[in-house]
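The values are calculated or read from the model by the stated rules, or taken from the named source; none is laboratory data. Everything numeric here is computed off the predicted structure, so don't read it as measured data. Reconstructed Cβ throughout: ideal geometry from the backbone, glycine too, with neighbour counts over all protein chains shown. Each accessible area value is taken on the protein alone, full model and side chains, heavy atoms only, with ligands, DNA and RNA left out. Shrake-Rupley method; radii C 1.70, N 1.55, O 1.52, S 1.80 Å.
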Amino acid sequence: MKPNITGLAHIGVFAADMDKSIDFYQRLGFTLDSEETTPDGVRLAFLSAGTCIIELVGKSVDGVYGAGMHIAVIVDSVEQAVAAAKENGIEIDAGAINSLPICGGVKNVFFNGPDGESLEFFEYC
C-alpha cells in the first residue's frame, strides 16, 4: 500500500523578515491568501499563484523558526499515510502527528527524505 498523496499542499520557505517576504512574493504575482500564527507563536503566511502555494514560515516570539523549508503533500489521512509509508520501509514517527488550528484545521507530520530534505504529510480536517 502507498500513501494516498492527492497533490502538493505547499512549499514552505523560511522568512527572516515576514513583511519583506510577503511584499516580494506579492510583487512577483502571488496573492496573500491568509496569515496565521501557530499555537507556539510562529507566524505563517500563505500565498498563491495559480495552483502554486508558498507557505512563508517566520520566527516564533523566542526567535526560533517553525518547520521551515519543506515540501508538503496533501493526503486524505495522515495516520493512513504514515502507516502506508511504514509498510514501505519509510520510518515516520506517528507520535509526531500534530493537529493545528491553522488553515481551518489540519493534521500534519514532518519527516525526512533520503537526502535530508524535509517533507510533510498535510491533511485538511
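Observations on the model:
- Given (1) of a type outside the set (F, W, Y); (2) open to solvent by less than 40 Å² (accessible area, probe 1.4 Å); (3) in contact with a helix residue (DSSP H, G or I) (Cβ under 7 Å, 6 or more places away or on another chain); (4) assigned to a loop (DSSP other than H, G, I, E, B), number of the condition I54 does not satisfy: (4)
- The set of residues in region 13-63 being of a type in the set (F, W, Y) and in contact (Cβ under 8 Å) with a residue 40 or more places away in the chain consists of F14, F46.
- Some residue of region 79-86 being assigned to a loop (DSSP other than H, G, I, E, B) and at negative phi: no
Quick grid of which residues meet (1) open to solvent by 80 Å² or more (accessible area, probe 1.4 Å); (2) over 30 Å from M1 (Cβ atoms); (3) part of a loop (DSSP other than H, G, I, E, B):
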{"site": "S21", "(1), (2), (3)": "no, yes, no"}
{"site": "R27", "(1), (2), (3)": "yes, yes, no"}
{"site": "E36", "(1), (2), (3)": "no, yes, no"}
{"site": "G41", "(1), (2), (3)": "no, yes, yes"}
{"site": "L44", "(1), (2), (3)": "no, yes, no"}
{"site": "S99", "(1), (2), (3)": "yes, no, no"}
{"site": "K107", "(1), (2), (3)": "no, no, no"}
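- Tallying residues that are touching a residue at least 12 places away in the same chain (Cβ under 8 Å) and under 21 Å from E36 (Cβ atoms) within region 87-118 yields 15.
- In this structure, I71 does satisfy being surrounded by fewer than 18 Cβ atoms within 10 Å (Cβ to Cβ), outside any helix (DSSP H, G or I) and in contact (Cβ under 8 Å) with a residue 24 or more places away in the chain.
- Residues being out of contact with any Phe, Trp or Tyr (no Cβ under 8 Å at 6 or more places or on another chain) and open to solvent by less than 90 Å² (accessible area, probe 1.4 Å) - total across region 9-19: 7
- In region 109-124, the residues that are in a strand (DSSP E or B) and farther than 15 Å from V78 by Cα: N112, S118
- Index of the failed condition, A49 passing every other in (1) within 22 Å of G113 (Cβ to Cβ); (2) open to solvent by less than 80 Å² (accessible area, probe 1.4 Å); (3) touching a helix residue (DSSP H, G or I) at 6+ places or on another chain (Cβ under 9 Å): (1)
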